[in-house]
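J.: Here you go, one structure.
The values are calculated or read from the model by the stated rules, or taken from the named source; none is laboratory data. Note that the structure is predicted; figures quoted are calculated from it, not measured. Cβ: placed from backbone, ideal geometry, glycine included. Neighbour counts: every protein chain shown.
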Amino acid sequence: MTPSTLTVTVFTRHTSECDHKDNPKWKQCKCSKHLYIYENGRVSYKSARTRSYTQAQSLAEEERKARDPKTRDERAKDCTLSDALDQWCAGASKDVGVATGKAYSTFKNAVLTWAASKNIVMLSDVTSDALDTWVTSWSGKANTRKFRLSRLRALFLWCQQLHKVNANPAAPLRNIKRGKHEDDEKTWPLTPDQFEELIAATHEYDKGRRVDKDRFGVDLRAIFLTQRWTGLRLSDVLLLRRDAVRAGRITLKTQKTGDDFDRPVPKVVLEALAVVPVRKTMHKDYYFWSTKCDHRVLAGMWTPRIKRMNKYVHFKDEKGNPLAFRSHMLRDTYAVELLLAGVLLEQVSKLLTHKSTRVTEQHYAPWVRARQDQLDEVMKQASRTMGASFTGD
C-alpha cells in the first residue's frame, strides 16, 4: 500500500467549554482525540479513546502498521491469546469504573481458563469450532450468557480490526436465545409483614459491614421503597437521576420499554430518596450510579448487595419452605396490592408499562381471581342485607 492511498491523522473534537474550540488544528488540549483514516479512497473515523495527543499519535502509528501486509501477517502469527486479552482489556477498561474493570478481568480469566483446558496459547489457534463448543457449554441465565457472548465477539472483532488474526473466529457464532420457560421467575409478592421485615433488615445490613464505604443500608432502603410504591424495575431505579424527583413526582423514561413514567409517589419514598448520601464513588446527579460503570452491568454491581439481604430476612413460602428475596418481588407486590385494592387489570398493566394486558394477566392471573373472589363476597354480603341467600349459607 503506497502512502498516497493511506492517511491516518489525529484530530480533536473540542468541547463547547474548550478555549481552542474555534481552532480545528489545535491538538494539545484535553478534549477527546480521534483518528481520520483515508484508505483506498474511503474515509472513516475512529475514537482514539484518549485525551492525550501523544497517545493518539501512538495509536495512529499502530493503525498504519496494522495495514502493512508484512506487519499484519507477522502479528497474526506471533500474537498470544494472553497478550491480546491484556491489550484489549487495558484499552476497554481504561476509562470505566472499578465494577466494569473487574468485569473485564473476570471475562479475561474465563477465556484464559478455557484456552488452557484446550492447550491453546496462540491467538491464531482459536477456531470457530472450538469457540462454538465452548459457548454451547455455558450454563446460567440467558441474559448473562448473551452478555458474555457479546464480549467474546467484541474481543475477536477488535483482534481482526488490528489484524492480529486474519479471520474473525467469533463471526459464525450463533445468537443465544432464551428458551420458552428459561429464566422465568415465579411471581411472588411480599406480604405487608415481610415488607416491613425487609425494611428493618436494611438497618441490620449496615451493622454487618466493616467499613463505611460498604454500608448501603440507606441506599437499599430507598431502592426497595421506590420499587414497592412505583412498580419500577430495578434497572430504572438504579439509573434514577436526582432531578427526576421533584414536586412529589418521579419522571423518567423506562429502560426496557422506553415508556414515559411520570406520576406522584408517596412521601415515604421521597423521604427515603432525600437521605441517600452523595458518595465519592457516585455521580452527584444520580442516586445509585457512578456513570463510570456501564449501565448494562450496573444491576450486576448492586445484585450482590441485594442478595446479601437474605442474611437478615427469613422469608417462608406458603408451604413453610425458605424463600429467597429478590428485588423483582417488590414490583410484584406493587401490582398485586393494586389488583387486590380493586384497580382494573388494564390500569395495572399501564402502570407497570406492560405492552399488553396479556402480559400482566400471564403473571398475575391468580390475584386477578382473588380480586374477583373479593368482589363476589362483597356482592353476597350486600345481597344478604337485602334478604337474599346463597348456596352454602
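J.: Out of the residues in segment 149-173 that are touching a Ser or Thr at 6+ places or on another chain (Cβ under 9 Å) and either charged (D, E, K, R) or crowded, with 17+ Cβ neighbours inside 10 Å (or both), state the one that is modelled with the lowest pLDDT.
T.: Among those that are touching a Ser or Thr at 6+ places or on another chain (Cβ under 9 Å) and either charged (D, E, K, R) or crowded, with 17+ Cβ neighbours inside 10 Å (or both), it is His163.
J.: Tell me which helices (runs of 4 or more DSSP H) are completely within segment 299-393 and hold 3 or more residues being of a type in the set (Gly, Ala, Ser), or say none if there are none.
T.: Helices (runs of 4 or more DSSP H) meeting the threshold: 357-385.
J.: If you check every pair at least six apart or on different chains, which have Cβ atoms under 8 Å apart with a residue in segment 39-55 that is farther than 17 Å from Arg13 by Cβ first and a residue that is of a type in the set (Ser, Thr, Tyr) second?
T.: Filtered contacts from segment 39-55: Glu39/Thr5; Glu39/Thr7; Asn40/Thr5; Gly41/Thr5.
J.: Further question: Return yes when Leu375 is at pLDDT 85 or above, within 30 Å of Arg233 (Cβ to Cβ) and either surrounded by 11 or more Cβ atoms within 10 Å (Cβ to Cβ) or not charged (D, E, K, R) (or both) and no when it is not.
T.: In short, no.
J.: I would also like to ask the following. Within segment 115-129, count every residue that is without any contact (Cβ under 8 Å) to a residue 40 or more places away in the chain, surrounded by fewer than 15 Cβ atoms within 10 Å (Cβ to Cβ) and not charged (D, E, K, R).
T.: Going through segment 115-129 one residue at a time, the tally reaches 3.
J.: Show me the helices (runs of 4 or more DSSP H) found entirely inside segment 145-264 where at least 3 residues are within 29 Å of Ala341 (Cβ to Cβ) and over 24 Å from the mean Cα position of the chain (by Cα).
T.: Qualifying helices (runs of 4 or more DSSP H): 192-207.
J.: Here's another thing I want to ask about it. Quick one: is Arg279 out of contact with any strand residue (DSSP E or B) (no Cβ under 9 Å at 6 or more places or on another chain) and assigned to a loop (DSSP other than H, G, I, E, B)?
T.: Judged against the criteria, Arg279 is a match.
J.: So, one more: Hey, among the residues in segment 134-144 that are surrounded by fewer than 12 Cβ atoms within 10 Å (Cβ to Cβ) and at pLDDT 90 or above, which one's nearest to Ala170 (Cα to Cα)?
T.: Thr136
For (1) surrounded by 14 or more Cβ atoms within 10 Å (Cβ to Cβ); (2) under 30 Å from Arg221 (Cβ atoms), each residue gets a yes or a no:
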position	(1), (2)
Ala341	no, yes
Leu345	yes, no
Arg358	no, no
Gly387	no, no
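J.: A further question on this structure: Which is surrounded by fewer than 21 Cβ atoms within 10 Å (Cβ to Cβ) and either outside the structural domain of Arg308 (by TED's automatic domain parsing) or touching a residue at least 40 places away in the same chain (Cβ under 8 Å) (or both), of Thr202, Thr187, Thr251?
T.: So the residue among Thr202, Thr187, Thr251 that is surrounded by fewer than 21 Cβ atoms within 10 Å (Cβ to Cβ) and either outside the structural domain of Arg308 (by TED's automatic domain parsing) or touching a residue at least 40 places away in the same chain (Cβ under 8 Å) (or both) is Thr187.
A quick yes/no check of all residues on (1) of a type outside the set (D, E, K, R); (2) modelled with pLDDT under 90; (3) surrounded by 11 or more Cβ atoms within 10 Å (Cβ to Cβ); (4) not in a loop (DSSP other than H, G, I, E, B):
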site	(1), (2), (3), (4)
Thr7	yes, yes, yes, yes
Trp26	yes, yes, yes, no
Lys33	no, no, yes, yes
Thr50	yes, yes, yes, no
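Every residue, every condition in (1) over 22 Å from Val245 (Cα atoms); (2) modelled with pLDDT of 90 or more, yes or no:
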{"site": "Lys267", "(1), (2)": "no, yes"}
{"site": "Leu270", "(1), (2)": "no, yes"}
{"site": "Tyr287", "(1), (2)": "no, yes"}
{"site": "Arg296", "(1), (2)": "yes, no"}
{"site": "Asn310", "(1), (2)": "yes, yes"}
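J.: Still on this structure: Look through Leu375, Leu351 and report the one residue that is within 27 Å of Thr251 (Cβ to Cβ) and of a type in the set (A, V, I, L, M, F, W, C).
T.: Leu351
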